Protein chains: 2
Amino acid sequence: MTDLPGAETHPATLIADMGARARVASGVLAALPTPRKAAALVSAAAALRDAAATIEAANREDMARAAAAGLSGALLDRLRLDPGRIAAMADGVAAVAALADPVGQIMDSRARPNGLVLSRVRVPIGVIGIIYESRPNVTADAAALCVMAGNAAILRGGSEAVASNRAIHAALIEGLAAGGVPADAVQLVPTTDRAAVGAMLKAVGAIDLIIPRGGKSLVARVQAEARVPVLAHLDGINHVYVDASADPAMAAAVVVDAKMRRTGICGAMETLLIDRDYAAAAVLIERLAATGCVVRGDPDACKLVPEIAAADAADWDTEYLDAIAAVAIVDGLDGAVAHIARHGSHHTDSIVAADVDVAERFLAQVDSAIVLWNASTQFADGGEFGLGAEIGIATGRLHARGPVALEGLTTYKWIGRGTGQVRG
Amino acid sequence: MTDLPGAETHPATLIADMGARARVASGVLAALPTPRKAAALVSAAAALRDAAATIEAANREDMARAAAAGLSGALLDRLRLDPGRIAAMADGVAAVAALADPVGQIMDSRARPNGLVLSRVRVPIGVIGIIYESRPNVTADAAALCVMAGNAAILRGGSEAVASNRAIHAALIEGLAAGGVPADAVQLVPTTDRAAVGAMLKAVGAIDLIIPRGGKSLVARVQAEARVPVLAHLDGINHVYVDASADPAMAAAVVVDAKMRRTGICGAMETLLIDRDYAAAAVLIERLAATGCVVRGDPDACKLVPEIAAADAADWDTEYLDAIAAVAIVDGLDGAVAHIARHGSHHTDSIVAADVDVAERFLAQVDSAIVLWNASTQFADGGEFGLGAEIGIATGRLHARGPVALEGLTTYKWIGRGTGQVRG
């Protein structure tokens, strides 16, 4: 796959130039009324549908190259586009057009004693860089969310998906242009040179926020190298704590769903913590193992159910993303909270309990972006939260936490309206 | 001045250890009800008043050392504490106790169709590092704001104020302890070694947020070196744009106040932009010059008022913090917006105009943390905004913009309350 025009430029120069053009486009986007942005996205969705054959052909190119390079079946599946997936991608773009627009929302407003009226108003962040791996649908999903929130996007997808991404991007900007969005609002980095990623990470002033979408090694690199702020999560080492007061049927249903519904997502449970006083602990562990989950227990858990394997120290800090769970017996709420404080990744943790006081203490004391009571950790998802599509889940402490959707892609400014007030 | 115990430790180890103790204290603080935090701050204010003689004696030590080292009068004035300033510092701490507590506020709440109730609730950020210069009152101000918002603080003041800071810190933690706040909630870095600042800036995981309080060189160093997120502003290159539709008396009052009320604060106007069609331009420039302001004009401004000096290219990018202003004649709103986009620092910009449409376009298009209409830029202040005391003004795009007060020192978590929901 040859690079596009511009790829021969020095990476820092390339990204600075793309950023400058994105900044101009972001000014246009910030001023676009909601119906204009929505119409542009509907038009982009239509353009994706119209370009389905072209996108499929490009994807076949990528697939052939990936197969020849010996990529694994799972990676090939992520890369693959078919008519159903292309239609779903177009539907996703159209769905973003229907979301409530946070831009222009008045967060609060106050009249000061001197008559000055001060309001905080949501505005776009500006220019957002998205760095992702093999799934080509991210090109459309991320672009749609950025545009709806009034931001320009600079997209850098995986090299294995380069033909697919270019075909999707070409359709997108053609559709967006018909709706009045400038082409520079959504730019695709024209080179697969990894130095371009480094340049994005250091583009302070040109890019306002970086969102990595992909596996742990990508996120770790971005977090380690970035000078631009990053919204991301590195790990989803999520816990379910089953309190002595838990209803056994509910505990079993929540634990099995949290672990086994989909094992490869960041919201999956990785560690089960069981209160030493919970009577049905052995039954719960056996129930989980019976679903096909490999269970690794601490000494107390192994005593209860001798069939399970022994966990080692690394298990408590491992995101399996697989049908494997670590199980520890803890001394009540305090034991659970201490375990999560030590081993958790501040993503999503849940308690199953009938005792309201215990549950509320768990919700208050566990320092994670999402804390749940009597619900599966697999609800950690923008759609399930009623936020619409999400751009990702953030476990940092600033700006946006948990599922990040349109509102997380905005910031605010203060607007003051006076009648000649001076401070005097 | 000798270092305190702990100062001989390697800076990275020292900060990691302080951070670990601060993390434990932040857990205690996060759970403290508002009246407990308020009572602790009232007690700290009383302790500061009780320790006034000790603080004054310590300050005399710092002043003698600073005078011997040849510090300038302005620096000595910043360093100096007297009974009035100590009383004002204590009053400031007590005033923070009276502010509305953002922690625990429910930002929004939604019941999902499956019955899961999801709320976003404000929580403290965690551990905040404050790096400041010669003003010892920052020790008390910053600590009070951090504690009221439920955060632990790690304070690193200027080496010239080390005795004053230690005396203030000792009084503070004694008072806070009487109110039930752990001593590790407010820690003072025990060494004046500059390497400790570097260690704070890199303490990802130990410190959640760094706030520099001081001059441009401090902020620039912090922004360049920090791996921890930073809330700050580097410059306040603020503009007042006087539109053709402006009332001349209002324009003169706003411009003179914005520039001359206090010239050394970050909210002071540095550049005056005048619409080419504004009839009273010469009068306005002469009025500003008559207040004792040195005016440097672009060629068109110099033609209108030949007595003023000619600005050079650097003037448009200079924060004078003095009785100096640059003046440019611009082509209406678009000229003003373009000038601000090119030279502004995203801090505070104001338009004086009678034309509502022009004013609203300015407020929408100028990309600054604070945009004002018919009001002086000197209102850029948390107190004037009705937020209570501010920890600083931020010009970054994420998390908090403009005056950062208690709410800006919090983040949120998602709390979901269910009845056994599984995703299925």
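May I ask which of A:K202/B:K216; A:K216/B:K216; A:K216/B:K37 have a Cα-Cα span longer than 28 Å here?
On the way: A:K202/B:K216 22 Å; A:K216/B:K216 37 Å; A:K216/B:K37 40 Å.
Result: A:K216/B:K216; A:K216/B:K37 exceed 28 Å.
What is the minimum Cβ-to-axis distance for chain B, in whole Å, where the axis maps B onto A, and to which residue does it belong?
Spelled out as residue then distance in Å, it is B:H399, 2.
Give, in nm to one decimal, the length gained when the segment between A:E360 and A:A220 is fully stretched (0.36 nm per residue of separation minus the Cα-Cα distance).
47.1 nm
Which parts of the range A:399-416 would a label at A:A100 reach, counting a residue when its backbone N lies under 14 Å from a point 7 Å out along Cα-to-Cβ?
Residues A:405-408 fall inside that zone.
Of all the C-alpha pairs in the range B:238-384, what % are more than 28 Å from each other?
The share of Cα pairs beyond 28 Å in the range B:238-384 comes to 6 percent.
With charges set only on the Cβ (+1 for Lys and Arg, -1 for Asp and Glu), what does the dipole of the range A:238-384 come to about its Cα centre, in debye to the nearest 20? Don't skip to the end; give the middle numbers.
On the way: 9 positive and 24 negative charges, 67 e Å.
In total the dipole reaches around 320 debye.
Step through the residues of the range A:399-410 one at a time and calculate ³J(HN,Hα) from phi using the Karplus curve (6.51 cos²θ - 1.76 cosθ + 1.60, θ = phi - 60°), rounding each to whole Hz and writing x for Gly and Pro.
In residue order, the calculated couplings are 6, 9, 10, x, x, 9, 10, 4, 4, x, 8, 10 Hz.
Against the longest principal axis of chain A, how steep is helix A:356-365, in degrees 0 to 90 to the nearest 10, with axes from Cα atoms?
Roughly 50 degrees, rounded to the nearest 10.
If you take every DSSP beta bridge fully contained in chain B, what fraction is antiparallel? Give it as a percent rounded to 5. Present the calculation step by step, with values, prior to reporting the outcome.
On the way: 16 of 55 bridges.
The antiparallel fraction comes to roughly 30 percent.
Give the long-range amide H neighbours of B:A153: residues separated by 5 or more places, or on another chain, with amide H under 5 Å away, using H modelled in the peptide plane at 1.01 Å from N.
B:I128, B:V186, B:Q187
Each residue of the range B:291-297 in order: what ³J(HN,Hα) in whole Hz does its phi give by Karplus 6.51 cos²θ - 1.76 cosθ + 1.60, θ = phi - 60°, with x for Gly and Pro?
These are the phi-based 3J(HN,Hα) values: 7, x, 7, 6, 10, 10, x Hz.
When DSSP beta bridges are limited to those with both residues in the protein assembly as shown, what percentage is antiparallel, rounded to the nearest 5?
Percentage antiparallel, nearest 5: 25.
Per-residue Cβ counts within 10 Å, from other chains only, averaged over B:356-362: what number is that?
Other-chain Cβ atoms within 10 Å of each residue's Cβ, averaged: 1.
For chain A, find the longest principal axis of its Cα atoms and tell me its angle to the long axis of helix A:332-343, 0 to 90°, nearest 10.
40 degrees
Which log10 I(q)/I(0) values, to two decimals, does the range B:17-66 give at q = 0.16, 0.19 Å⁻¹ under the Debye formula with one point per Cα?
Each listed q maps to, in turn, -0.72, -0.80.
May I ask you to work out the translational diffusion coefficient for chain B at 10 °C, viscosity 1.306 mPa s, via Stokes-Einstein with Rh from the Kirkwood sum over Cα pairs, reported in whole µm²/s? Don't jump to the answer; show the numbers that get you there.
Working: Rh = 23.3 Å.
The estimated diffusion coefficient comes to 68 µm²/s.
If you take the alpha carbon radius of gyration of the range A:57-155 and divide it by 2.2 N^0.38 Å, what ratio comes out, to two decimals?
Output field value: 1.61.
Can you run the Rg to Rh ratio on the protein assembly as shown? Use alpha carbon positions and the Kirkwood inverse-distance Rh. Mind showing how you got there, number by number?
Numbers: Rg = 28.6 Å, Rh = 28.9 Å.
Looking at the protein assembly as shown, the ratio lands at 0.99.
Tilt of helix B:281-290 relative to the longest C-alpha principal axis of chain B, in degrees (0 to 90, nearest 10)?
60 degrees
Quick one: length gained pulling B:D322 to B:D277 fully straight, 0.36 nm per residue minus the C-alpha distance?
The B:D322-B:D277 span can extend by a further 13.3 nm.
How far, in nm to one decimal, is B:E286 from itself in the other copies if the label point is set 7 angstrom along Cα toward Cβ? Shortest first, please.
When each copy's label point is compared with this one, the spacings are 9.9 nm.
What FRET efficiency would be calculated for the residue pair A:S109, B:V294, taking the C-beta separation as r and a Förster radius of 25 Å, to the nearest 0.05?
Working: r = 38 Å, r/R0 = 1.53.
E between A:S109 and B:V294, to the nearest 0.05, is 0.05.
For a label point 7 angstrom out from the Cα of B:R36 toward its Cβ, which stretches of the range B:160-174 have the backbone nitrogen within less than 19 Å?
Zone members listed by number: B:173-174.
Please give the average number of partner chain Cβ atoms lying within 10 Å of the Cβ of each residue in A:391-402, rounded to a whole number. Walk me through the intermediate numbers first.
Working: counts 0, 0, 0, 0, 0, 4, 13, 10, 7, 4, 6, 6.
Shielding by partners across A:391-402 averages 4.
B:Y241's amide H: which non-local residues (gap 5+, or another chain) put their own amide H closer than 5 Å, with H modeled 1.01 Å from N in plane and none for Pro or chain starts?
Distant-sequence amide H within range of B:Y241: B:L273, B:S350, B:I351, B:V352.
Step through the residues of the range B:251-267 one at a time and calculate ³J(HN,Hα) from phi using the Karplus curve (6.51 cos²θ - 1.76 cosθ + 1.60, θ = phi - 60°), rounding each to whole Hz and writing x for Gly and Pro.
Each residue's phi maps through the Karplus curve to give 4, 5, 5, 5, 5, 5, 5, 4, 8, 9, 3, 9, 7, x, 9, 5, x Hz.
For the range A:365-406, what number results from the quotient of the Cα radius of gyration and 2.2 N^0.38 Å?
Taking the Cα Rg and dividing by 2.2 N^0.38 Å, one obtains 1.13.
Any read-out appearing in this document is the output of simple, stated calculations on the displayed coordinates, not a laboratory observation. From a predicted model like this one, the values you see are computed outputs, not experimental measurements. As a convention, Cβ positions derive from the backbone with ideal geometry for all residues, glycine included, and neighbour counts pool all protein chains shown.
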